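What follows is a short report on a single structure.
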Amino acid sequence: MLDDGLFDNFPMDAVYGLHNWPGLAVGRMAMRTGAAMAAMDVFEARIHGRGGHAALPHLAADPITVGAQVVQAWQTVVSRNVKAIDPAVVSVTQFHAGDAWNVIPDSVLLRGTVRSFNQDVRALIQRRMQEIAEGLCAAHGCRLEWWYDHRFPPTVNAPAETAVAATAARAVLGHDQVDTEVEPVTGSEDFGYMLERKPGCYAFIGNGPGAGGCHLHSPHFDFNDDILPLGASYWVTLVEQVLAPTA
């Protein structure tokens with residue numbers, strides 16, 4: 001949308017977003033000034049070794065043992081390189097290697113995701129992950145093929161627009177039903193791209209506990225239709241207060 005000229009074709013001063021949130025009670029909304037959701041990066045590391053017979057490992061360069069060390073070592077990036085007050089997450093979600101009981105494979109494929117809230121931490125994690133993987137590969141006679149991609153920036157709410165959103169939410173739900181200091185979420189949101197270009201606020205509306213407490217992206221998640229009037233009322237009130245404020 002941005003590449004197609006959204007803000008050029010439809011000039012605007014601010015942007016607002018709203019996401020249903022399981023675990024937050026129906027009738028409540030939440031938001032915060034500053035980073036509300038994390039940046040999302042993805043990575044792929046292919047470790048090339050030298051395959052061989054599992055009974056003769058001294059004749060091979062085992063990428064599986066190297067891959068296991070890399071996964072473990074990456075977990076020290078956040079705990080030992082990132083300041084303790086800067087939240088970040090490194091998660092390896094895929095480990096693919098081999099297809100036989102008795103064969104050491106030629107390569108291992110690791111994939112996963114990184115979450116962070118500021119650009120300095122983002123760059124630090126990317127650099128250290130590559131350095132660690134390259135070092136371990138070199139130490140064991142393997143070669144690293146590395147790919148890292150920045151997918152979504154942090155979702156950063158502006159102070160003035162967050163105050164506007166809170167005022168509208170409280171007009172609909174009541175003062176005590178709106179949390180303006182909700183904890184940052186390590187999930188990510190492509191609305192962050194819009195907030196890089198325009199000030200705004202991305203807020204959460206309570207969806208209730210859900211069936212079995214299911215959270216987002218669960219195959220058992222059930223959108224709560226009862227919150228539709230609340231969300232619609234929030235948008236109408238927001239428009240009224242921004243475009244036709246009372247004197």
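The values are calculated or read from the model by the stated rules, or taken from the named source; none is laboratory data. The structure presented is a predicted model; accordingly, all values stated were derived computationally and were not measured. We place every Cβ from the backbone using ideal geometry, glycine too, and count neighbours over all the protein chains shown. Note: accessible area is taken over every heavy atom of the protein model, side chains too, but ligands, DNA and RNA are not part of it. Shrake-Rupley method; radii C 1.70, N 1.55, O 1.52, S 1.80 Å.
Couplings 3J(HN,Hα) of segment 25-37, computed from phi: 4, 4, x, 10, 10, 9, 6, 7, 7, x, 5, 9, 9 Hz, in residue order, whole Hz [Karplus 6.51 cos²θ - 1.76 cosθ + 1.60, θ = phi - 60°; x for Gly and Pro]. Roughly what angle does helix 159-173 make with the longest principal axis of the chain, taking Cα atoms, 0 to 90 degrees, to the nearest 10? With both axes taken from Cα atoms, the answer is about 60 degrees.
Full extension of the chain between residue 146 and residue 80 yields a length gain of 21.6 nm, computed as 0.36 nm times the residue separation minus the alpha carbon distance. Counting only protein heavy atoms and using a 1.4 Å probe, the accessible area of residue 76 comes to about 60 Å².
Rounded, prolate or oblate: pick one for segment 39-123, where a ≥ b ≥ c are the square roots of the eigenvalues of its C-alpha gyration tensor, a/c under 1.5 means rounded, and failing that, prolate if a/b is larger than b/c, else oblate. It comes out prolate by the Cα gyration axes. Taking amide H as placed 1.01 Å from N in the peptide plane, residue 36 has its amide H under 5 Å from the amide H of 155, 156, 157, each at least 5 places away in sequence or on another chain. If you sort 202, 193 by accessible surface, 1.4 Å probe, largest first, the order is 193, 202. Within the accessible surface of segment 49-124, defined with a 1.4 Å probe on protein heavy atoms only, the carbon and sulfur portion equals 56 percent. Remark: the Cα gyration tensor places segment 157-247 in the oblate category, a/c being 1.5 or greater and a/b not exceeding b/c.
Solvent-accessible surface (1.4 Å probe) assigned to residue 131 amounts to roughly 80 Å². The candidates 122, 80, 46, 143, arranged from most to least accessible area with a 1.4 Å probe in the full protein assembly, appear as 80, 143, 46, 122.
What FRET efficiency would be calculated for the residue pair residue 236, residue 55, taking the C-beta separation as r and a Förster radius of 41 Å, to the nearest 0.05? Computed FRET efficiency for residue 236 and residue 55 comes out at 0.05.
In this structure, the amide hydrogen of residue 103, modeled 1.01 Å from its nitrogen in the peptide plane, lies closer than 5 angstrom to those of 54, counting only residues at least 5 positions away or on a different chain.
Count neighbours as other Cβ atoms within 10 Å of each site's Cβ, and list the chymotrypsin sites (Phe, Trp or Tyr not before Pro) in segment 66-111 that are DSSP loop with at most 16 such neighbours. Mind dumping the intermediate values first?
Values: sites: 74, 95, 101; in loops: 101.
Answer in residue order: 101.
Calculated accessible area for the chain comes out at 54 Å² per residue, all protein chains present (probe 1.4 Å; ligands, DNA, RNA ignored).
What full-extension length gain, to one decimal in nm, is calculated for residue 181 and residue 102 as 0.36 nm per residue of separation minus the Cα-Cα distance?
Numbers: separation 79, 0.36 × 79 = 28.44 nm, distance 5.51 nm.
Additional length available on full extension: 22.9 nm.
Computed with a 1.4 Å probe on the full set of protein chains, the accessible area for residue 50 sits at about 120 Å².
In the chain, what percentage of the DSSP-assigned beta bridges are antiparallel, given to the nearest 5? Before the final figure, lay out the partial values.
Details: 36 of 47 bridges.
Antiparallel: roughly 75 percent of the beta bridges in the chain.
Only Cα sites of segment 87-161 enter the Debye sum here, all with the same form factor; the resulting log10 I(q)/I(0) across q = 0.23 1/Å is -1.17, listed in q order. Straightening the chain between residue 8 and residue 171 buys 55.5 nm, computed as 0.36 nm per residue apart minus the Cα-Cα spacing.
Summing charges over neighbours of residue 51, with a neighbour being any other residue whose Cβ is under 15 Å away from its Cβ, gives 0 when K and R count +1 and D and E count -1. Of the residues 79, 116, the one with the largest accessible area comes first in the ranking 79, 116, computed with a 1.4 Å probe on protein heavy atoms. Taking every Cα-Cα distance in segment 37-192 and sorting them into 5 Å bins from zero, the calculated P(r) comes out as 2, 9, 16, 16, 14, 11, 9, 7, 6, 4, 3, 2, 2, 1, 0 percent. A cysteine counts as unpartnered when no other cysteine's C-beta lies under 4.7 Å of its own; in the chain this applies to 201, 214. With a simple spin-label model that places each label point 7 Å from the Cα along the Cα-to-Cβ direction, the separation between residue 48 and residue 228 comes to 5.5 nm.
Relative to the longest principal Cα axis of the chain, at what angle does helix 228-243 sit, 0 to 90 degrees, rounded to 10? Once rounded, one gets 70 degrees. Taking the chain as the reference, fit the longest principal axis to its C-alpha atoms, fit the long axis of helix 63-80 to the helix C-alpha atoms, and give the angle between the two in degrees, 0 to 90, nearest 10. Once rounded, the angle reads 40 degrees. Scanning residues 5 or more positions from residue 203 or on other chains, those with amide H under 5 Å from its amide H are 17, 18, 19, with H placed 1.01 Å from N in the peptide plane.
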